[in-house]
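What follows draws every value from the coordinates through simple rules; no lab data is involved. Bear in mind the structure is a predicted one, so any value in this text is a computation, not a measurement. A quick note on method: Cβ atoms are made from the backbone with ideal geometry, for glycine too, and the neighbour counts reach across all protein chains shown.
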2 protein chains.
Amino acid sequence: MAAVPRPGSSPRTRIKRLATKTVRDTGVLYAILDAGLVAHVAVNGPEGQPYVVPVAYAREGHRVLFHGSTGSRLFRGLAQGVPTCLSVTLIDGMVLARSTFESSMNYRSVMVLGSCTLLAGEEKLAALEHITEHLLPGRWAEARHPSKKEAAATTVLALPLTETSVKVSDGPPDDVPEDVELPIWAGNVPIAETFGRPVDAPDLRFDVPVPDYVKRWTR
Amino acid sequence: MAAVPRPGSSPRTRIKRLATKTVRDTGVLYAILDAGLVAHVAVNGPEGQPYVVPVAYAREGHRVLFHGSTGSRLFRGLAQGVPTCLSVTLIDGMVLARSTFESSMNYRSVMVLGSCTLLAGEEKLAALEHITEHLLPGRWAEARHPSKKEAAATTVLALPLTETSVKVSDGPPDDVPEDVELPIWAGNVPIAETFGRPVDAPDLRFDVPVPDYVKRWTR
């Protein structure tokens, strides 16, 4: 792969607040994006009003792929290359310091600035496969693929990972020395996202069991 | 409480895409906000570039409270009342339709448009208590409260819930009739966020057990 800018390499992605949580490792950027399912994507709207929407996404190489409806105004803007900000936040737990001020959360977060490219033709279909396989590993081989009409109704976008920032907060609370002497419990409570048991659709026509590739999913 | 606008009451919050998932019930708006921990908050930046950041928040009545550093440029803008968009998204599961096109996620999502008010004095401290008690129920009574210096370093904002939209997707996949005849498993896989076992801080000075109010937390 060609050399690509590391996280935090541009003036506007250099983290100023809680700079000790900054990570400049591209591997960590990739790992966070690969662990997430949903990103929040923003555009500047008219009259100073921004808009943010959640989108399902997948990382592929040094870019993020996501899709939406061709009928969406926000997606039409993105397809035309208006500047965007994409944010992925994974919550890993609550952090209980002795003080409320130092109490916080453990998290892994990514911010990407840039403009999207509209994908078409074979590249568009390959991107839809990639997104499906990130969200539903194993599903593309079995599910019915998009028809021409369905594909035409779908906007598929690629956002390059050229301007990014990464912040990671983990581990125990970081109290000021005086507070450590207080007789108050301190620590952290992990949060994890887990998959439950698959639920059959009520309109299943055949006696098809839950596929093995679905049973293998874990979070 | 005075009458307040329901979700989806303004032209710019009327949902056009997947309109069947629109909810116009203020109780559902409140329930989603009360179940979340982190919101994504956006502002229009210069040169058409938006910025989105994750924030911990709490709902109080018909507004959302959140805080950040007085040193943050984004928070300085919010404190001055620039228009913002706050988005809360809870992921409830993966939805496997027979087609990739109809496959999606179950989710509950809220979008709030508006401008924040900067809180000060007693109202600011009450808001910090409210946020702490939403995120860490029971903690305010035990933890050390903010010092004057800490409070001065914290920007606390209130965003009214006057212009909102709510979308909820739940239940089984919704395949087109022809696809239901395909011998492909379909259904959904629930996702849940759960708390793990509390972890003592390594610098605990006393033999303090994990407090009961922490043991009672469930997600």
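A few notes on this one:
- Gap separating the Cα centres of the range B:81-96 and the range A:1-80, nearest whole Å: 15 Å
- C-alpha long axis of helix B:26-35 to longest principal axis of chain B, angle in °: 60 degrees
- Put simply, when B:172-185, B:108-121 are sorted by average Cβ atoms within 10 angstrom per residue, most first, you get B:108-121, B:172-185.
- Summing charges over neighbours of A:Glu150, with a neighbour being any other residue whose Cβ is under 10 Å away from its Cβ, gives +2 when K and R count +1 and D and E count -1.
- What separates the B:Gly27 label point from its copies, with the point 7 Å along Cα to Cβ, is 5.2 nm, written shortest first.
- Against the main long axis of the alpha-carbon atoms of chain B, helix B:121-135 sits at an angle near 50°.
- Relative contact order of chain B, pairs being alpha-carbon contacts under 8 Å that are 6 or more residues apart, as %: 25 percent
- Using a simple spin-label model with pseudo-atoms 7 Å out from Cα toward Cβ, A:Ala126 and A:Asp174 lie 4.2 nm apart.
- Average other protein chain Cβ within 10 Å of Cβ, residues B:106-116: 2
- Each listed q (0.23, 0.25, 0.26 Å⁻¹) maps to a log10 I(q)/I(0) for the range B:99-170 from the Debye sum over equal C-alpha point scatterers, namely -1.07, -1.13, -1.16.
- Largest-first principal axis extents, alpha carbons of chain B, Å: 66, 47, 39
- Shielding score for B:165-178, defined as the mean number of other chain Cβ atoms within 10 Å: 2
- Inter-chain shielding of B:19-29 (mean C-beta neighbours from other protein chains, 10 Å cut-off): 0
- Using a 7 Å Cα-to-Cβ projection, A:Asp200 label spacings across copies, nm, ascending: 4.9
- Sum of -39500 (n - 2.57) over DSSP H runs of 4+, divided by residues of chain A (222 nm, nearest 500): -5500 deg cm²/dmol
- Ascending list, in nanometres, of distances separating the A:Val176 label from those of the other copies (7 Å, Cα toward Cβ): 6.4
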